[in-house]
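*Asks:* What follows is a structure written as structure tokens; I'll ask about it next.
The values are calculated or read from the model by the stated rules, or taken from the named source; none is laboratory data. Remember, predicted model here, so these are calculated numbers, not experimental data. With ideal geometry, Cβ positions are generated from the backbone for all residues, glycine too; neighbour counts draw on all protein chains shown. Side chains are part of the model used for accessible areas, which takes the heavy atoms of the whole protein and leaves out ligands, DNA and RNA. Shrake-Rupley method; radii C 1.70, N 1.55, O 1.52, S 1.80 Å.
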Amino acid sequence: MTATAAPTVLTARALLLDMDGTLVNSDAVVERIWRRWAERQGLGADEVMKVVHGRQGHASMALLLPDRPMEQNLADNARMLAEETADMDGVVAIPGAPEFLAALRGLPHALVTSADVPLSTARMAAAGLGLPDVRVTAESVGASKPDPEGFLKGAAELGVAAADCVVFEDSGAGIAAGKAAGMRVVGVGARAAVHEPDVVVADLTQVRIEAGEDGGIRLSVG
């Protein structure tokens with residue numbers, strides 16, 4: 001399947017949902033936090049912003065400052081997570097996200113995010129969105145996206161084979177993780193379009209969900 005804006009029908013047994021950029025627009029706070037960090041490190045902010053979306057903070061730092069000790073990255077990441085959790089200014093739902101999540105009630109789905117529990121809980125609340133019952137957060141995995149661990153863990157917790165899952169993602173790292181997990185990927189937003197997901201939508205208003213008679217999920221996308 002090639003990336004397309006035309007209406008496409010997908011069937012799945014479960015959906016695995018990224019948070020930032022997919023369900024929640026947190027770009028304003030991400031820009032604020034990471035541009036301050038870039039300035040402190042003497043790095044170009046625009047180049048930093050090309051790296052950070054979708055990854056855990058310490059993984060982004062390891063790419064941007066490859067010679068810096070990981071202990072320092074982890075300490076920096078902890079401070080920045082606390083800053084992000086305290087800053088909800090401009091955090092809103094992606095268009096269509098409330099209706100999208102409402103349509104998924106009772107159907108197998110999970111949140112798979114590089115945010116930790118406090119940050120994901122705060123951002124979903126700030127956006128007025130309910131948390132899925134199954135959540136895979138930064139604390140749940142040993143490797144950040146683009147490693148597929150988070151998506152594979154989400155599928156396992158739902159009891160669904162990877163090939164029967166559809167991932168919703170916005171970032172290059174997240175799309176790569178979904179593909180590495182052997183899953184189909186719906187890209188959400190302009191950032192996703194350049195990373196060759198299977199299907200691209202502008203936002204979640206372009207996704208319609210129906211429960212299949214066999215317990216599956218039918219997606220009309222585009």
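*Asks:* Which three extents, in angstrom, do the Cα atoms of the range 76-161 have along their principal axes, listed largest first?
*Replies:* Here the Cα extents, ordered largest to smallest, are 36, 32, 18 Å.
*Asks:* Hey, another quick one. Whole-Hz ³J(HN,Hα) for each residue in the range 103-115, computed from phi via Karplus 6.51 cos²θ - 1.76 cosθ + 1.60 with θ = phi - 60°, x for glycine and proline: what do you get?
*Replies:* 5, 8, 4, x, 10, x, 7, 8, 8, 10, 10, 7, 6
*Asks:* Additional query: When the Cα centres of the range 15-43 and the range 151-168 are compared, how far apart do they sit, in Å?
*Replies:* Centre-to-centre distance over Cα atoms comes out at 25 Å.
*Asks:* From the Cα trace of the chain, what convex hull volume per residue do you get, rounded to a whole Å³? Could the numbers behind the result be given before it?
*Replies:* Numbers: hull volume 23.6 nm³, N = 222.
Per residue, the Cα convex hull of the chain comes to 107 Å³.
*Asks:* Which value, in Å² and to the nearest 10, is the accessible area of Glu31 when all protein chains are kept and the probe is 1.4 Å?
*Replies:* Here the accessible area works out near 60 Å².
*Asks:* So what's the net charge close to Val188: Lys and Arg +1, Asp and Glu -1, counting the other residues with Cβ under 11 Å from its Cβ?
*Replies:* Numbers: positive: Arg191; negative: Asp18, Asp20, Glu169, Asp170, Asp203.
Summing Lys/Arg as +1 and Asp/Glu as -1 gives -4.
*Asks:* Can you list residues from other chains, or at least 5 along the same chain, whose modelled amide H is less than 5 Å from the amide H of His109?
*Replies:* Under 5 Å from the amide H of His109: Leu15.
*Asks:* Quick one: angle between helix 117-126 and the longest Cα principal axis of the chain, in degrees between 0 and 90, rounded to 10, please.
*Replies:* Orientation of helix 117-126: about 70 degrees from the principal axis.
*Asks:* I want the antiparallel fraction of DSSP beta bridges within the chain, as a percent rounded to 5. Please list the in-between numbers first.
*Replies:* Values: 12 of 30 bridges.
For the chain, the DSSP antiparallel bridge percentage is about 40.
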